[in-house]
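Here is the structure we will look at.
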Amino acid sequence: MNALTRPAAPLAGAAFDHPEFDAHEQVVFAHDRDTGLMAILCVHDTRLGPALGGCRVWPYASAADALTDALRLSRGMTYKNALAGLDLGGGKAVIIADPRKDKTADLMRAFGHHVERMNGSYITAEDVGVSPADMEAVAERTDHVRGTARTGLGDPSPYTALGVFVGIRAALAHVYGSDTLAGRTVSVQGLGHVGFDLASQLHAAGAKLIVSDIHAPAVDRAVAAFGAIAVDPGEAHAVEADVFAPCALGAGLNATTIPAIRARIVAGAANNQLATPADGEALKARGILYAPDYAINAGGVISIALARPGGDDALVREKTLAIAATLTRIFERARAEDVTPERIADRMAEERLAAAGR
Ligand code: NAD
């Protein structure tokens, strides 16, 4: 079709006019007749390398919702991978299905077939609704997969927790001039894979812990293991502490919670902590230092990206520990330029992408 015969809005509107469209390189709608697979695979940016990002299985209410998520999440992976110093671009896939009812090995194999057809521009991995066993099924159809027994170091959570731990130290150094945890109090909200491991590292470094989770046994375990003080999950942000570490769900930093925060630092593993960009400005206005979530929680993607079959984790640890230096640069530039840390994080990622694109 030439420019004259090209249909305008109706077709292009599916992606090019979408509010979340941000110069994505590829948006692939994949269907499989036998299994009923409906997936959207997005490659946002490959200037730094092939696009790595997880596959999410979720019962989206509509294909439009799935597209919105895939466009937004794949762009987020470009920034996360760039800032983490990985030679990888950003991508993401979503499968429209209920992970508890519709997910089968055949469905995941059919997805793997479509990943293979992208010829390496997209590398998949686990995300919400996808288990290691699911990824093994995907790996039967494609080599463009990470985080399987053959390619990975297993659970990425310990590396995420390590990155958050050193990130908290970097934040303490920036605010107080010392990164020591002895005598500091940290409120850890969410004691799952990452939060519990983080609490353990903080305790070993001498921090006092305030813990919360909606799952009571996890709280009991932390109280017993670390002498932690338990609070209601809804109070975690408002307690007297030096650091608030959100390690549960996203959007916990919002117009309701921010005015009640007493800590001078917010630094935790949860994704998408800021409900809106205005909430980042609100934290800054209150003099609270915020460690951008995608910068501090990159240890998991680093482990997925850099693990090699049979290799040790030395490189993964090195890159994860480097999160502290990255955050220090972010905090210093944010202070010098009087803008929020998340704006600087975005800018640093964009600078790396622009340099690679030359
Ligand atoms: P998880 O599911 O193992 O743990 C989450 C914990 O939060 C659970 O114990 C749950 O009971 C608790 N929780 C849920 N709602 C809560 C609430 N309202 N208040 C308090 N606690 C609540 O998840 P995870 O792997 O530990 O990940 C934690 C967060 O970090 C998530 O936002 C995740 O997206 C993000 N993250 C994780 C990784 C990783 O490697 N696992 C990497 C990057 C980001």
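Listing for the model above:
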read-out: Hits in segment 186-208 - residues which are of a type in the set (A, V, I, L, M, F, W, C) and within 14 Å of the ligand (Cβ to nearest atom); value: V188, L191, V194, F196, L198, A199
read-out: Every residue from segment 209-237 that is away from the ligand (no atom under 12 Å from the Cβ), surrounded by fewer than 19 Cβ atoms within 10 Å (Cβ to Cβ) and in contact (Cβ under 8 Å) with a residue 12 or more places away in the chain; value: V223, A225, G227, I229
read-out: Pairs, first under 14 Å from A30 (Cβ atoms) in segment 117-128, second among the charged types (D, E, K, R) and more than 16 Å from the ligand (Cβ to nearest atom), C-beta under 8 Å, six or more apart; value: S121/E25
read-out: Index of the failed condition, G310 passing every other in (1) surrounded by 15 or more Cβ atoms within 10 Å (Cβ to Cβ); (2) of a type outside the set (K, R); (3) more than 16 Å from the ligand (Cβ to nearest atom); value: (1)
read-out: Count of residues meeting criterion [within 18 Å of L191 (Cβ to Cβ), free of Cβ contacts under 8 Å to residues at least 40 places away in the same chain and surrounded by 24 or more Cβ atoms within 10 Å (Cβ to Cβ)] in segment 252-275; value: 2
read-out: Residues that are over 20 Å from A161 (Cα atoms) and either within 16 Å of the ligand (Cβ to nearest atom) or assigned to a strand (DSSP E or B) (or both), drawn from segment 264-278; value: A275
read-out: Within segment 238-247, considering residues that are surrounded by fewer than 23 Cβ atoms within 10 Å (Cβ to Cβ) and in contact (Cβ under 8 Å) with a residue 40 or more places away in the chain, the one nearest to the ligand (Cβ to nearest atom); value: V239
read-out: I296 at pLDDT below 95 and within 15 Å of the ligand (Cβ to nearest atom); value: no
read-out: V231 vs. criteria outside the structural domain of K92 (by TED's automatic domain parsing) and over 21 Å from the mean Cα position of the chain (by Cα); value: yes
read-out: Count of segment 313-347 residues which are β-branched (V, I, T) and away from the ligand (no atom under 14 Å from the Cβ); value: 6
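Each row is one residue, and each column tells you yes or no for (1) at pLDDT below 95; (2) away from the ligand (no atom under 16 Å from the Cβ).
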| position | (1), (2) |
| --- | --- |
| V94 | no, no |
| D102 | no, yes |
| L107 | no, yes |
| G120 | no, yes |
| R141 | no, yes |
| R146 | yes, no |
| G154 | yes, no |
| Y159 | no, no |
| L172 | no, yes |
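The values are calculated or read from the model by the stated rules, or taken from the named source; none is laboratory data. Every value quoted in this text rests on a predicted model; they were computed, and no experiment measured them. All Cβ positions, even for glycine, are placed from backbone atoms using ideal geometry, and neighbour counts span all protein chains on display.
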